[in-house]
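Let me begin by presenting the structure, written as structure tokens, before commenting on it.
The values are calculated or read from the model by the stated rules, or taken from the named source; none is laboratory data. This structure is a prediction, so every number in the text was calculated from the model and none was measured. Here Cβ is always computed from backbone atoms with ideal geometry, including for glycine, and neighbour counts include all displayed protein chains.
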Amino acid sequence: MIHCHFYNSIGTVSTCYLPIPELSCRGVFKLSSLVEPFVLPFLLARSLTVSFFNPFRRAQAENDAGQITVQVKWGRDRYNIPIPQPSLTPLSKLLATLSTQTSIPIDSIKLIYKGAVLKDQSLTIASYGIKDGSTLVLVGKDGSAPGLEPPKPTTNATGPIRGKVKQPETTTESVLTEWISNLVKSTLEPLQPFIITFISYTSPNATNRPSQIPKFEVLQKEHARLSEILLRGLLDLDGVEIPSGWTEARKERKEGVKKVQAELNKVDEAWGERKKLGH
């Protein structure tokens, strides 16, 4: 008789007894050719069942596989998305999950990470440098987000964001480089007074904090407005078509993305501090 010990689904030990008809000459148990075909499949099936139903072992297996969780911001909504094996999971899987949760068609979803739009759906999550705890921003094809009005053309920084900009047709790199520079300026310069004011209202570290602070709902709307304008600026920069070999134009766009993303980060961080205080 051989004693077999197993961990059951709640983590305790169970024992079963299996008759073994043969003994080796050294006193070591040996499975006979008759019993072995029946015992081994049983042991294997039992082992797989225990590994699946035991929550501790299952969690450990998921951690060993490298599961991460990312936060996706969509307007005022937040989604915490678990991603198993990011080195194997393509971007298309994440887009499909977000499409299900937001009801936005996959083709209309744009994800932004560190100022860049994630375009190639066949690349893995890890290939984009996304790690556990990373924050991504989701925008619709028209820049829309829940609770926000679709963008309308305007030149007033206090109103809705402008429509999509039209890239000039040129065969001269310097012309396109200057246009990109002006695109960044036209996005950031009108917003600077509003960003400074917003941070003074919301950041506890602001040195110019006024005595009269607007209500939570007012600040929430202003955060949504500023975020939407800056996100549209990132999308405009991403949509610029730069011919191959135009290194200066690409450099100008890259620097522009960094500037716009930096302002977006400041606005989000200040709003995050304000939300900790509650309504």
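The rows are residues; the columns are (1) in the same structural domain as ILE112 (by TED's automatic domain parsing); (2) within 19 Å of VAL72 (Cα to Cα); (3) basic (Lys, Arg); (4) touching a residue at least 40 places away in the same chain (Cβ under 8 Å).
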| residue | (1), (2), (3), (4) |
| --- | --- |
| SER211 | no, no, no, no |
| HIS223 | no, yes, no, yes |
| GLU228 | no, yes, no, yes |
| ARG232 | no, yes, yes, yes |
| LEU235 | no, yes, no, yes |
| LYS258 | no, no, yes, yes |
| GLU263 | no, yes, no, yes |
| ASP268 | no, yes, no, yes |
**OP:** Only residues that are of a type in the set (D, E, K, R), over 18 Å from LYS110 (Cα atoms) and not in a loop (DSSP other than H, G, I, E, B): list them for segment 203-238, please.
**Re:** GLU217, LYS221, GLU222, ARG225
Subject >> Of the criteria (1) crowded, with 18+ Cβ neighbours inside 10 Å; (2) free of Cβ contacts under 8 Å to residues at least 60 places away in the same chain; (3) over 23 Å from LYS166 (Cβ atoms), which one TYR201 fails >> reply: (2)
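Looking at GLU173, GLU189, which one is modelled with pLDDT of 90 or more and either surrounded by 15 or more Cβ atoms within 10 Å (Cβ to Cβ) or closer than 26 Å to LEU136 by Cβ (or both)? Outline the logic, then answer.
On the way: GLU189 fails: either surrounded by 15 or more Cβ atoms within 10 Å (Cβ to Cβ) or closer than 26 Å to LEU136 by Cβ (or both).
Exactly one of GLU173, GLU189 is modelled with pLDDT of 90 or more and either surrounded by 15 or more Cβ atoms within 10 Å (Cβ to Cβ) or closer than 26 Å to LEU136 by Cβ (or both), namely GLU173.
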Subject >> Residues satisfying the stated conditions in segment 246-268, i.e. among the acidic types (Asp, Glu) and closer than 17 Å to GLU228 by Cβ >> reply: GLU263, ASP268
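Conditions tested, residue by residue: (1) assigned to a loop (DSSP other than H, G, I, E, B); (2) of a type in the set (D, E, K, R); (3) at pLDDT 90 or above; (4) surrounded by 18 or more Cβ atoms within 10 Å (Cβ to Cβ).
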site	(1), (2), (3), (4)
ALA61	no, no, no, no
VAL70	no, no, yes, yes
TYR79	no, no, no, no
PRO82	no, no, yes, no
SER92	no, no, yes, no
SER99	no, no, no, no
ILE104	yes, no, no, yes
